[in-house]
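> After the structure tokens below, expect a handful of questions from me.
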Amino acid sequence: MHIIQNKLRVVLLTLCLLTFIGVSSQTIYEFEKRLVDLFEAIKTSDSDSVRLKYNDSVKVTLENTLKLQDSFSYPFDSLQYLGKITSDDGKLRIYTWNVVTDSGLVFNGFLQKLSGEVVILQQPKVAYKPTTKEAVYSTSWYGALYYSAVAYKYKKQTVYMLAGWGQTNEFTQYKVLDVLSFDEFGNVRFGMPILFDEEKQALQRAVFEYDAHVVMHLDYERQRKRFVFDHLSPMKYFEDETVTLGPDMSVDSYVRKSKGWFLKEDLRMRNR
């Protein structure tokens, strides 16, 4: 019996080793070509079940790719459907993408540290719009496409101010200004009460919901250390008394201070 058990262990270890060698022997370029094909398959598929199956393959393949040496600096230029941003301190990279389904958008994401650690962002079955009051962790991520990551020192800890976009219904979309941090165990947290509204009340993040057919700007001005964004006002009124918002030509900002980011309304900017 012991001999058989030992032989089984040897076989299992050999299989694991061969699997590892097979993965590690592939180059980043080969993985990238595979990802191009998978994203194209998602785009051309005619059913949600097939799209999501290919999307699962994208997640597995991308995770294996990001674990390879030198992947942090690899451009992935041919992956046009994959969002890729690097924080301004060069220590964090964020990858996000979405998949269109009949029931809405499915968001996906990975965080990659310069040290090599990779964290997958897990979204519930249904995407949701985040609130300004609750912290969110990587296992219950709301889903967004991030396009800016600004490093910020807060109480001797480096956190990242993220600007991103999301959508959960056909009538509205949203921009989010969120705070990404890591605890002492490396756990990922979205949200931190360092954004202050006009009444100086602390928010975990700022969320701007607006009409699905308009464009809202939310950008970082490095020289002035502030995020500037379009002020939103009522735009469309519906019979059920719901209202959607849109830019009204005025501009607000969250300005960086030692204790956090403070809202300043109506900047009256002449040039954007």
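> Tell me, yes or no, whether segment 142-161 has at least one residue that is under 20 Å from residue 86 (Cβ atoms), surrounded by fewer than 17 Cβ atoms within 10 Å (Cβ to Cβ) and of a type in the set (Val, Ile, Thr).
yes
> Could I ask something else about it? Cβ-Cβ below 6 Å, separation at least six or inter-chain, first residue in segment 31-57 and under 10 Å from residue 101 (Cα atoms), second among the acidic types (Asp, Glu) and loosely packed, with under 13 Cβ neighbours inside 10 Å: which pairs?
Here the result reads 48/102, each pair linking segment 31-57 to a residue that is among the acidic types (Asp, Glu) and loosely packed, with under 13 Cβ neighbours inside 10 Å.
> Go through segment 182-200 residue by residue and tally those that are surrounded by 12 or more Cβ atoms within 10 Å (Cβ to Cβ) and closer than 22 Å to residue 257 by Cβ.
The initial filter retains those residues of segment 182-200 that are surrounded by 12 or more Cβ atoms within 10 Å (Cβ to Cβ), namely 182, 187-197.
Now drop any that are not closer than 22 Å to residue 257 by Cβ, which leaves 189-197.
Counting residues in segment 182-200 that are surrounded by 12 or more Cβ atoms within 10 Å (Cβ to Cβ) and closer than 22 Å to residue 257 by Cβ gives 9.
> What number of residues within segment 219-258 are surrounded by 11 or more Cβ atoms within 10 Å (Cβ to Cβ) and over 24 Å from residue 171 (Cβ atoms)?
The qualifying residues number 14.
> Evaluate segment 153-164: report whether one residue or more is closer than 22 Å to residue 227 by Cα and touching a Gly at 6+ places or on another chain (Cβ under 6 Å).
In the first step, residues of segment 153-164 are kept if they are closer than 22 Å to residue 227 by Cα; the result is 153-164.
This time we only want the ones that are touching a Gly at 6+ places or on another chain (Cβ under 6 Å), so: none.
No, that holds for no residue.
> Still on this model: Would you confirm, using the coordinates I've provided, whether residue 227 is assigned by TED's automatic domain parsing to the domain that holds residue 145 and under 20 Å from residue 86 (Cα atoms)? Break it down stepwise before answering.
On the way: assigned by TED's automatic domain parsing to the domain that holds residue 145: yes; under 20 Å from residue 86 (Cα atoms): yes.
Yes; evaluated as a whole, the condition is true for this residue.
The values are calculated or read from the model by the stated rules, or taken from the named source; none is laboratory data. Keep in mind the model is a prediction, meaning the values are calculated, not measured. Counting neighbours? That spans all protein chains shown, and the Cβs are built from the backbone with ideal geometry, glycine included.
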